[in-house]
Amino acid sequence: MQTLNKETGTWKWGILCLVFLAPFFFLTYGFANNYASGLSNVPSIVYAWEKYIPLWPWTIVPYWSIDLFYGLSLLLCWSNFELKQQALRLFTAQLISVSCFLLFPLKFSVDRPELQGVFGHLFDLLMGFDKPFNQAPSLHIVLLVILWDFYRRHTNGAWKYLVDFWSFLIGLSVLTTWQHHFIDIPTGLLAGAFCLWLFPIQAKSPFKKDGLQVLTPKHFKLGTYYLVGAALLCLPAIWLKSSFLWLLYPAFSLFMVSLAYFTVRPHFFQKQNNGDLSIATKMLFAPYLIFAWFNSRFWTRNQPKDSLILKLSNITIFLGRIPSTNNTKQYQGLFDCVAELPVHCQNHYQQYSSLDLIPLQVNQLDQAVTAFNRLLDVIPHHESNPKVLIFCALGYSRSSAILAAWLIQQNHATNAEQAIEIIRQARPWVVLKQPQIQHIQAYQFKLKGLAP
């Protein structure tokens, strides 16, 4: 995970990036346009209600403005790292979009009437380069997502609202200039989010390994389940098309989850230091995130309350499911074991992100216990009865395993069985299966120097 420190002179490298990216943009975009225009039959995907979308000539101004913001984004980067990520995002956006234009060419199906005046002149300039092809995903929208994220990061206060407002106008303009059909918008949003996710600014890169755990049969099994689910959603979308094309969104979401399991990368969910998920993760994984949240509430509907596990002279420790925003307010500290769901914390916060239903291995338990102790050290113990909540999605397994390991490490329990019994006395419904218990026992031996 990178933190941004402002560096001088990055604009010089930004100019170099722009010198490469600008010709690359025009050459590849023009090539895809010319290729599609030479085909005998280029289909269109258009919904019946789209005939009611008005033509607003003035929106050609925000439509054109994205070119200015594109270039400035490479000159305003705070650091060489941010510049590298921004350039890679823009380059990848072009690769994804042009690849789609070549593999699945589409055409805008409505003829725009001739326009006069300043706005008409701007349309004429546009059509001198652009053609009614290069539709899904809308490259305008893909770039807009990247630029919106950039300028929001570089502004404060009311300026952020201005960024939001102008970004909305640019997004609206792809429809009201009659340049794109609606299907190009969500596909563009998805492709843009993927570019943000692939090259994060303030999260661990998806290209990096977890480093503490290895692929197990359980990873492969769960990854396969999600992959099969993605395939089953793709089938009706491919065969039936029309409104069933929307199934490609949850299919892609499940496919990304399957990759997180296959590659053993809980940081695919890009959990931030404040417990939230990155905007890219929320956009890409939204169908899965909604399912995971309701799943956590469904299985814990009969045990919604947190369980008091241990009350010491200077702190009280609770175990529970992922808390609501209101529930977090009663705790002075939160320890988060969930990779796949956001939490909104107002007080002291630490995390050890882990994948759902995967037993925590010895090295993971060791690092998680260290992080938990780090949280306890910063809790203001002079407060009256400070409370700490350790949680996972259900409060059944991941958080229970870490808490059991901590109880052993702090000598509140002499072995794994006793630690688990302490937890089960307060929370009988915890689920710690034999593989997880074996890892806790191995952690116990490691503390005694009897295991690597």
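The values are calculated or read from the model by the stated rules, or taken from the named source; none is laboratory data. Small disclaimer: the values here were computed from a predicted structure and weren't measured. Ideal geometry is used to build each Cβ from the backbone, glycine not excepted, and the neighbour counts take in all protein chains shown. Keep in mind that these areas ignore ligands, DNA and RNA; they rest on the heavy atoms of the full protein, side chains included. Shrake-Rupley method; radii C 1.70, N 1.55, O 1.52, S 1.80 Å.
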Ala451, sole failed condition from (1) modelled with pLDDT of 95 or more; (2) part of a loop (DSSP other than H, G, I, E, B); (3) of a type in the set (A, V, I, L, M, F, W, C): (1)
Region 368-392, residues that are open to solvent by less than 10 Å² (accessible area, probe 1.4 Å) and of a type in the set (A, V, I, L, M): Ala368, Val369, Ala371, Leu375, Ile379, Val388, Leu389, Ile390
Residue satisfying condition, being modelled with pLDDT of 95 or more and part of a loop (DSSP other than H, G, I, E, B), within set Ile309, Ile317, Ile358, Ile290: Ile358
Lone qualifier among Phe129, Phe91 - being at pLDDT below 95 and not basic (Lys, Arg): Phe129
Top-ranked residue of region 418-452 - restricted to ones that are among the charged types (D, E, K, R) and touching a residue at least 12 places away in the same chain (Cβ under 8 Å), ranked as least open to solvent (accessible area, probe 1.4 Å): Arg427
Close pairs from region 54-80: first within 13 Å of His140 (Cβ to Cβ), partner open to solvent by 60 Å² or more (accessible area, probe 1.4 Å), Cβ under 8 Å, at least 6 apart: Ile60/Phe119; Pro62/Trp166; Ser65/Trp166
Residue that is most open to solvent (accessible area, probe 1.4 Å) [pool: residues in region 400-417 that are among the polar types (S, T, N, Q) and farther than 24 Å from Ser296 by Cβ]: Asn411
Evaluation of Asp67 against (1) under 32 Å from the mean Cα position of the chain (by Cα); (2) not in a helix (DSSP H, G or I) (one fails), failing number: (2)
Filter result for the condition that a residue is over 30 Å from Phe255 (Cα atoms), surrounded by 19 or more Cβ atoms within 10 Å (Cβ to Cβ) and either of a type in the set (A, V, I, L, M) or in contact with an Asp or Glu (Cβ under 7 Å, 6 or more places away or on another chain) (or both), over Leu365, Leu334: Leu334
Members of region 23-52 that are open to solvent by less than 30 Å² (accessible area, probe 1.4 Å) and among the aliphatic types (A, V, I, L, M): Ala32, Ala36, Val42
